[in-house]
């Protein structure tokens, strides 16, 4: 589930209330307090009824997003509690090793791509290469940031 996007509000007070609700939900999530519409109302001064949240699509979906996030976090905690500390440490070490391995692979791929780009550039094929990457200007910018400019132009 993705976090809902805040809609434009007609007045500043409604936008401020949206922000206060989001802050309260974030706080409840971090403190692992049960997230309910009533709990949000209790946490925010100026709200008197859960319908202030449930009638508004954005606010209702925001609460649902945080409820789902909280349920997912609690499930992860349950899984970790069922597994011994030794196994958790071993799993984390294995994941760290896998991350290091992937980072090495990325470094190798980056170096090989730089070499290929330099070879294409020396042979005069950069115009064709650029045409292939039309619409991917961010890729070209990244390449230019990592390859000497006199060889890629």
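Here are some notes:
- [x] 1.69; [y] 1.35; [z] 1.05, with the label sought being that of the calculated Cα Rg over 2.2 N^0.38 Å: [x]
- Dividing the helix sum by the residues of the chain, where each DSSP H run of 4 or more adds -39500 (n - 2.57), gives a mean residue ellipticity at 222 nm of -24500 deg cm²/dmol.
- Angle in degrees between helix 57-82 and the longest Cα principal axis of the chain, rounded to the nearest 10: 80 degrees
- Cα→Cβ-extended label distance, 7 Å offset, between residue 71 and residue 87, nm: 2.5 nm
- FRET efficiency for the residue 109 to residue 19 pair, using the beta carbon distance and R₀ = 30 Å, is estimated at 0.10.
- Per-peptide average of other Cβ atoms within 10 Å, ordering 20-29, 74-83 highest first: 20-29, 74-83
- Distance between the 7 Å Cα→Cβ label points at residue 31 and residue 55: 2.7 nm.
- Acute angle (nearest 10 degrees) that the helix 85-122 long axis makes with the longest principal axis of the chain, alpha-carbon atoms: 40 degrees
- Between helix 137-146 and the chain: long-axis angle, C-alpha atoms, 0 to 90°, nearest 10: 60 degrees
None of the figures in this text is laboratory data; all of them are computed from the coordinates on show. Treat the numbers as computed from the prediction; the structure is a model and nothing was measured. All Cβ positions, glycine included, derive from the backbone under ideal geometry; neighbour counts span all protein chains shown.
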